[in-house]
Structure formats: C-alpha cells, structure tokens
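The values are calculated or read from the model by the stated rules, or taken from the named source; none is laboratory data. The shown structure was predicted, so the numbers you read here are calculated from the model rather than taken from an experiment. FYI the Cβ positions are ideal-geometry reconstructions off the backbone, even for glycines, and counts take in every protein chain you see. Keep in mind that these areas ignore ligands, DNA and RNA; they rest on the heavy atoms of the full protein, side chains included. Shrake-Rupley method; radii C 1.70, N 1.55, O 1.52, S 1.80 Å.
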Amino acid sequence: MHFDILTLFPGLFAGVFEESILKRAREAGLVTIALHNIRDYASGRHRITDDLPYGGGGGMIMKPEPIFAAVEAILGDQLGRVPVILLTPRGRTFTQQIARELSRQRRLVLICGRYEGVDERVHQYLATDEVSIGDYVLSGGEIPAMVLVDAITRLIPGVLGEPTAPFEDSYAEGLLEYPHYTRPPVFRGHAVPEVLLSGNHAEIVRWRRQQALRLTWERRPDLLERARLTDADRAYLRQLEDERKS
Ligand code: 6GU
C-alpha cells in the first residue's frame with residue numbers, strides 16, 4: 001500500500017510512522033508513505049494556501065488551486081484510478097468496515113482539511129470519498145489521516161505476525177474484546193480469574209467468549225445486532241437478560 005498524505009503541517013506526522021507496527025510495515029516494504037506539503041504547490045511569492053470566505057464570516061478557507069495542483073502532480077496519469085480521500089467532519093464516519101474496504105486498494109491519497117473549511121470545489125470535483133473519524137471537532141484532518149493509516153496498515157497481509165490476528169480484534173468479530181491478564185497472578189490483592197490458570201483450553205475459550213459477550217451487552221448493546229452469534233452465545237445473552245430482570 002502506498003499512502004500520499006497532503007497537509008499544510010507535515011511536521012505533525014513526525015514520529016507517528018516511525019514506531020511499532022507502522023515502522024515495521026514500512027521497513028518490510030509493505031507500506032510506503034509520502035508526505036506532501038500543500039504549500040509547495042501554491043503559486044506566487046507568498047505561496048498562499050488559504051483565503052477569506054466569499055460571503056463573509058470568520059475563519060480562512062483552503063484555496064482549491066494548490067490542492068488540485070498537488071493531487072494532479074502526485075498522481076500524474078494515475079489520476080482517476082486512485083481514491084482521493086478528503087478528511088472532513090462531514091465525511092462518512094470511519095469504521096472497521098471502511099478500513100477493510102480501503103485496505104484492498106494499492107494506493108490512497110489523503111487530503112487533510114483544516115477545520116475552518118476547504119473550498120467546496122475540492123469536495124465536489126477532486127475528492128472521490130470524504131471521511132470523518134467521529135462526531136467531535138478537531139483542528140484538522142492530520143490526526144484523522146494518522147488514524148486511517150494505522151487502521152488500514154494493520155489489515156495489510158503480512159503486517160501483523162499472525163495472519164488471523166486482526167480478525168480476532170474486537171470490531172472485526174463485532175464484539176468488544178474479552179479482558180486480558182498477565183503476570184503476576186495476584187496484584188495488590190486482585191487475583192487473575194482462576195479459569196485462566198487452569199490449563200483447560202476449552203473452558204478458557206468459553207470464558208473469554210462469555211466475557212466478550214457480557215462486556216458488549218453492558219457497554220455496546222448496539223454492536224450485538226450485527227455480531228455473528230452462535231446458539232450458545234444467544235443462550236448466554238438470554239441468561240444475562242434474565243439476571244438483569246431478577
Ligand atoms: Cl476528518 N476533521 C476534523 N477537522 N475534525 C474531525 C474529523 C475530521 N473527524 C472527526 N472530527
């Protein structure tokens with residue numbers, strides 16, 4: 001996967017791609033990331049990238065010309081064949097499903113908008129997709145772009161050690177994850193659940209599944225509607241409902 005990230009603040013990305021899984025994915029050649037400063041594509045002595053909004057009002061608006069020029073220069077004859085994603089609060093809300101869909105591309109362009117706004121012509125005639133990472137206000141699309149790169153990279157075959165690992169993650173299965181413990185067996189009087197020390201693998205699998213179901217039922221019952229559930233899962237959830245009533 002190749003990511004082209006267009007931003008007015010390339011410095012914000014320093015470090016994020018240089019540790020842990022992203023670092024290893026890049027070292028293995030599974031992911032390449034190019035940061036492009038939009039200002040380098042602005043014309044004139046001052047290389048201005050924003051301007052006042054037509055119609056008045058506060059805030060500055062990102063001008064269309066430097067953003068179009070950057071995408072056209074970066075993509076060349078690939079223009080029209082690579083998704084161009086604008087990070088903006090009005091985009092579709094990013095989910096694991098969208099991460100999976102985007103991970104199947106070989107190249108993605110990510111445009112980081114600033115919150116005050118991006119000229120509407122960029123939304124309409126340059127972006128092929130618009131993505132938000134949730135219902136809260138950020139100063140710009142840089143952190144959202146990092147979120148996309150991280151979530152998508154984890155799904156690229158070979159990035160995580162074990163090929164099945166991402167599908168065990170909470171949202172892939174549609175449930176929150178079961179609780180994890182490591183040594184020591186008793187920490188400040190709080191013991192690790194007995195079953196995990198029992199060596200009974202079938203019991204451990206059953207306990208973890210039930211814990212995942214209980215956590216999801218308590219905290220994110222909305223997820224249960226789309227989760228893939230077995231008959232045993234449904235029986236356990238009915239038991240939880242009955243316990244709640246009594
Ligand atoms: Cl993509 N941009 C901004 N500015 N704020 C956000 C966002 C994006 N997603 C959530 N909040």
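For residues in segment 95-144 being in a loop (DSSP other than H, G, I, E, B) and among the β-branched types (Val, Ile, Thr), which is nearest to residue 51 (Cα to Cα)? Talk me through it step by step, then tell me what you get.
Going residue by residue through segment 95-144, those that are in a loop (DSSP other than H, G, I, E, B) are 95, 104-106, 113, 115-117, 119, 126-128, 133-139, 141.
From what is left, the residues that are among the β-branched types (Val, Ile, Thr) are 95, 128, 133, 137.
Working: 95: 33, 128: 24, 133: 26, 137: 21 Å.
Checking each candidate, the answer is 137.
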Query raised in the report: How many residues are open to solvent by less than 70 Å² (accessible area, probe 1.4 Å) and either without any contact (Cβ under 8 Å) to a residue 24 or more places away in the chain or within 25 Å of the chain's Cα centre (by Cα) (or both) when one looks only at segment 233-244?
Result: 1
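Could you tell me whether any residue of segment 80-93 is touching a residue at least 24 places away in the same chain (Cβ under 8 Å) and either more than 22 Å from the chain's Cα centre (by Cα) or outside the structural domain of residue 106 (by TED's automatic domain parsing) (or both)?
In the first step, residues of segment 80-93 are kept if they are touching a residue at least 24 places away in the same chain (Cβ under 8 Å); the result is 82-93.
Retained after the next criterion (residues that are either more than 22 Å from the chain's Cα centre (by Cα) or outside the structural domain of residue 106 (by TED's automatic domain parsing) (or both)): none.
No, segment 80-93 contains no residue that is touching a residue at least 24 places away in the same chain (Cβ under 8 Å) and either more than 22 Å from the chain's Cα centre (by Cα) or outside the structural domain of residue 106 (by TED's automatic domain parsing) (or both).
Mind checking which residues of segment 1-60 are acidic (Asp, Glu) and more than 19 Å from residue 111 (Cβ to Cβ)?
Hits for segment 1-60 are 18, 19, 27.
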Query raised in the report: Checking residue 90 against (1) more than 23 Å from residue 34 (Cβ to Cβ); (2) open to solvent by 20 Å² or more (accessible area, probe 1.4 Å); (3) assigned to a loop (DSSP other than H, G, I, E, B), which test does it fail?
Result: (3)
**Report entry** Residues located in segment 216-232, provided they are in a helix (DSSP H, G or I) and open to solvent by less than 40 Å² (accessible area, probe 1.4 Å)
**Finding:** 216, 217, 223, 224
Query - Complete set of residues in segment 130-159 that are within 13 Å of the ligand (Cβ to nearest atom) and surrounded by fewer than 15 Cβ atoms within 10 Å (Cβ to Cβ) - result: 134, 135, 136, 137, 139
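Any idea which residue in segment 2-47 is most open to solvent (accessible area, probe 1.4 Å), counting only those that are aliphatic (A, V, I, L, M) and within 21 Å of residue 116 (Cβ to Cβ)? If you could, list the steps in order and put the result at the bottom.
Residues of segment 2-47 that are aliphatic (A, V, I, L, M), as a first pass: 5-6, 8, 12, 14, 16, 21-22, 25, 28, 30-31, 33-35, 38, 42.
Now restrict to residues that are within 21 Å of residue 116 (Cβ to Cβ): 5-6, 8, 12, 38, 42.
Numbers: 5: 0, 6: 0, 8: 37, 12: 90, 38: 2, 42: 4 Å².
Among those residues, the one meeting the criterion is 12.
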Query raised in the report: Can you find even one residue in segment 113-121 that is under 18 Å from the mean Cα position of the chain (by Cα), under 17 Å from residue 3 (Cβ atoms) and in contact (Cβ under 8 Å) with a residue 12 or more places away in the chain?
Result: yes
Report task. Might you let me know whether segment 10-18 holds any residue that is in contact with a strand residue (DSSP E or B) (Cβ under 9 Å, 6 or more places away or on another chain) and over 17 Å from residue 143 (Cβ atoms)? Result -> no
**Report entry** Residue that is farthest from residue 37 (Cα to Cα), among those in segment 64-73 that are open to solvent by less than 30 Å² (accessible area, probe 1.4 Å) and out of contact with any Phe, Trp or Tyr (no Cβ under 6 Å at 6 or more places or on another chain)
**Finding:** 64
